[in-house]
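*Asks:* Take this structure first; my questions come after.
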Amino acid sequence: MNPFLRLCRTLGDAGFFAALLIMVFLVASIIWEVISRYLLGAPTVWVTEVSGYLVSGILFMAIARVYREGGHARMSLLEGRLSIAAQNRLGLVVDGCTLVFAAFAFWATLELALLSYQLNWRSSTTLAVPLYLPQALMPAGSAIFVLELIAQIHQKLAHFKAPATDEDGPTP
């Protein structure tokens, strides 16, 4: 496998693993909140706020692998009526449009996290969390997603250059 494609796959898998760890912490936090609130009569002050940050982190860190595996929502009504070659061309167009969106998301979230860091923005709660910390997961996940999309486009373009056979199906 091409070293760049291997790097993209590894980063996507690492992001997904990070999302799984974040999810474990999220579930543990919610369980602790339930125990603390209803059994001990002393609700926590941090679980509600931190849970929102964690959900956002899960989304951004998992998106590249989810997209690679086709686990995202897709509209297949039109696609299912197309030939295999047309499906591949449509997939290339979709990946290109998604790449533009993901690159913009990377840039915008990076700008936001850097601005939060420079201005020392904090949440307006008792925790006063420095906002750049949870916001840093957004450009990190978006960057991994951009690399995954470039890898997807590279694979689809390589598929177009390869001689076609009757057994060729749509590329992932």
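*Asks:* Could you compute the FRET efficiency for residue 14 and residue 123, with r as their C-beta to C-beta distance and R0 at 25 Å, rounded to 0.05?
*Replies:* Here the calculated transfer efficiency is 0.35.
*Asks:* Measure nothing but the geometry: give the 0 to 90° angle between the long axis through the Cα atoms of 137-161 and the longest principal axis through the Cα atoms of the chain, rounded to 10°.
*Replies:* The angle comes out at about 10 degrees.
*Asks:* Explain nothing, just the number: dipole magnitude of the chain about its Cα centre with +1 on each Lys and Arg Cβ and -1 on each Asp and Glu Cβ, in debye rounded to the nearest 20.
*Replies:* 100 debye
*Asks:* While we're on this one: Of the labelled options (1) 43, 35, 31; (2) 66, 39, 31; (3) 53, 31, 30, which one gives Cα extents along the principal axes in Å as computed for this structure?
*Replies:* (2)
*Asks:* Helix 47-68: angle to the longest alpha-carbon principal axis of the chain, degrees 0 to 90, nearest 10?
*Replies:* 10 degrees
*Asks:* To the nearest 0.05, how large is the calculated FRET efficiency for residue 90 and residue 7 if R₀ is 30 Å and r is the Cβ-Cβ distance?
*Replies:* Efficiency computed from Cβ-Cβ geometry: 0.65.
*Asks:* What percentage of the solvent-accessible surface of the chain, computed with a 1.4 Å probe over protein heavy atoms, is contributed by carbon and sulfur atoms?
*Replies:* 72 percent
*Asks:* Relative contact order (percent) for the chain, with alpha-carbon contacts under 8 angstrom and 6 or more residues of separation?
*Replies:* 30 percent
The values are calculated or read from the model by the stated rules, or taken from the named source; none is laboratory data. Owing to the predicted nature of the structure, the values given are computational and were not obtained by experimental measurement. Neighbour counts are summed over all protein chains in view; Cβ atoms, including those assigned to glycine, are modelled from backbone coordinates with ideal geometry. These area figures cover heavy atoms from the full protein model, side chains too; ligands, DNA and RNA do not enter into them. Shrake-Rupley method; radii C 1.70, N 1.55, O 1.52, S 1.80 Å.
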